[in-house]
Amino acid sequence: MSSGAAIEIWCVTPSSSGGWGPVTALAELTGRVFQADVRFIHPSRPYGPARKAFAHLPRRRGGGGRSLLLIAAHPGNLLSVAEAPVLAGRFDRVGAWIIDSFWDELLPRFARHRNTFDRLWVTDGELVDRYREATGAPTGWLPWGTDALQAQQQDLTASRSVDVLRLGRQPSAWDDDDSNRAALSRAGLSYQGRFPLATDGSANQRTVHDQLRRAKVVLASSSLDSPSAYRHPARDYLSARFTDAVANGTLIAGSPPRCQAADLLPAEALVPMDVSSLEAGLPALRAALETYDTRAPLRLSRHALRTLDWRHRIRTIADELELSAATLDQELAQIGDLVEVTGP
């Protein structure tokens with residue numbers, strides 16, 4: 001078995017801020033538990049013809065047991081490994097974890113049966129066979145998760161002063177904060193709309209988690225029901241809003257994602273809501289808050305520890321790349337102890 005230092009981690013995202021903060025935070029966590037440095041790459045433009053041509057060169061294997069893990073924002077970022085040291089044999093094993101794997105049409109031609117990657121992991125369970133068949137690489141499902149262990153460092157039982165929190169893009173009928181606030185106020189409910197986001201990804205993640213811990217319910221809906229220029233036109237997916245909410249013990253109101261990964265969310269966390277209008281959605285919110293159980297946050301956080309924590313996914317990577325990671329082992333044992341102490 002290799003030591004934790006025998007892996008390099010590259011994280012390729014358009015930036016480190018905004019919606020990419022959860023991905024860079026994942027990369028930082030992965031680097032820490034492997035005791036490895038993380039190289040952050042933010043391409044300023046799409047990869048050009050020269051790199052695409054270079055990528056078609058065969059990859060030699062060597063490197064004395066070293067591995068490379070690429071955490072890629074989308075399949076097009078697989079081209080980032082088309083560098084001379086990688087293709088010349090710096091690594092024995094190269095694996096890639098594709099975050100927005102639902103953009104499978106962006107899969108580069110060089111990755112199709114070129115034997116460049118020893119392992120692939122995708123966040124969309126529906127597409128495992130698609131990637132395996134397209135690339136010839138063993139492909140597994142590592143769905144979107146959350147740092148539930150970190151959330152446990154905070155007091156999840158503290159009084160929650162916000163009834164309803166808005167997080168991220170919303171269905172059209174729920175997109176205007178002033179309208180939302182007025183409607184919820186008439187119903188006797190408090191509302192927190194858009195809050196300032198930090199430019200630094202890690203700081204932004206801390207802000208999001210802090211806001212979630214202050215709220216009983218967060219508004220979050222399916223990507224297909226929440227218009228944006230960057231969503232996939234036909235595929236739904238599980239995003240950080242949902243998993244982070246569960247880790248912080250916050251109920252989720254809206255239209256749940258319609259995808260395989262959504263089955264990992266506990267039923268107790270979901271408040272299905274008609275998002276076609278404010279009037280249609282308010283009854284579900286009122287009912288959820290009238291019956292709100294102050295013990296729910298602990299149950300939700302326990303589910304996140306057991307099912308959603310990133311370390312379970314990283315353990316799969318460690319096993320399949322034949323890596324040891326003492327810090328990862330220790331923190332998984334800590335998760336096991338917490339789950340046992342807090343009950344089923």
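Among the numbered conditions (1) within 17 Å of Ala318 (Cβ to Cβ); (2) in contact with a Lys or Arg (Cβ under 7 Å, 6 or more places away or on another chain); (3) aromatic (Phe, Trp, Tyr), the only one that Phe102 does not meet is (1). Looking only at segment 284-310, count every residue that is in contact (Cβ under 8 Å) with a residue 60 or more places away in the chain, in a helix (DSSP H, G or I) and not charged (D, E, K, R) and tell me the total. Count: 10. Restricted to segment 8-42, and to residues there that are of a type in the set (Gly, Ala, Ser) and in a helix (DSSP H, G or I), the residue that is surrounded by the fewest Cβ atoms within 10 Å (Cβ to Cβ) is Gly18. Only one of the numbered conditions (1) polar (S, T, N, Q); (2) in the same structural domain as Ala287 (by TED's automatic domain parsing); (3) touching a Leu at 6+ places or on another chain (Cβ under 7 Å); (4) under 26 Å from Leu264 (Cβ atoms) is not met by Gln192, and that is (4). Of the residues in segment 30-42, not one is assigned by TED's automatic domain parsing to the domain that holds Arg119, touching a helix residue (DSSP H, G or I) at 6+ places or on another chain (Cβ under 9 Å) and modelled with pLDDT under 90. Answer with yes or no whether Ser239 is under 21 Å from the mean Cα position of the chain (by Cα) and without any contact (Cβ under 8 Å) to a residue 60 or more places away in the chain. Answer is no for this residue. Val275 satisfies every condition listed in (1) in a helix (DSSP H, G or I); (2) in contact (Cβ under 8 Å) with a residue 60 or more places away in the chain; (3) aliphatic (A, V, I, L, M) except (1). Taken together, Ala267, Ala253, Ala229 contain a single residue that is closer than 14 Å to Gln170 by Cα, over 18 Å from the mean Cα position of the chain (by Cα) and without any contact (Cβ under 8 Å) to a residue 12 or more places away in the chain, which is Ala229. The condition of being free of Cβ contacts under 8 Å to residues at least 24 places away in the same chain and of a type outside the set (Asp, Glu) holds for only one of Arg214, Arg194, Arg206, Arg169, that being Arg206. Filtering Glu83, Glu105 for residues that are surrounded by fewer than 18 Cβ atoms within 10 Å (Cβ to Cβ), closer than 20 Å to Pro49 by Cα, under 21 Å from the mean Cα position of the chain (by Cα) and not aliphatic (A, V, I, L, M) leaves a single hit, Glu105. For segment 108-146, filtered to residues that are more than 20 Å from Ala262 (Cβ to Cβ) and among the acidic types (Asp, Glu), the residue that is surrounded by the fewest Cβ atoms within 10 Å (Cβ to Cβ) is Glu133. Within the set Thr157, Thr139, Thr207, Thr199, the sole residue that is polar (S, T, N, Q) and in the same structural domain as Phe40 (by TED's automatic domain parsing) turns out to be Thr139.
The values are calculated or read from the model by the stated rules, or taken from the named source; none is laboratory data. Just so we're clear, the structure is a prediction, and the values are computed from it rather than from any experiment. Methodologically, a virtual Cβ is constructed for each residue, glycine included, from the backbone with ideal geometry; neighbour enumeration extends over all protein chains shown.
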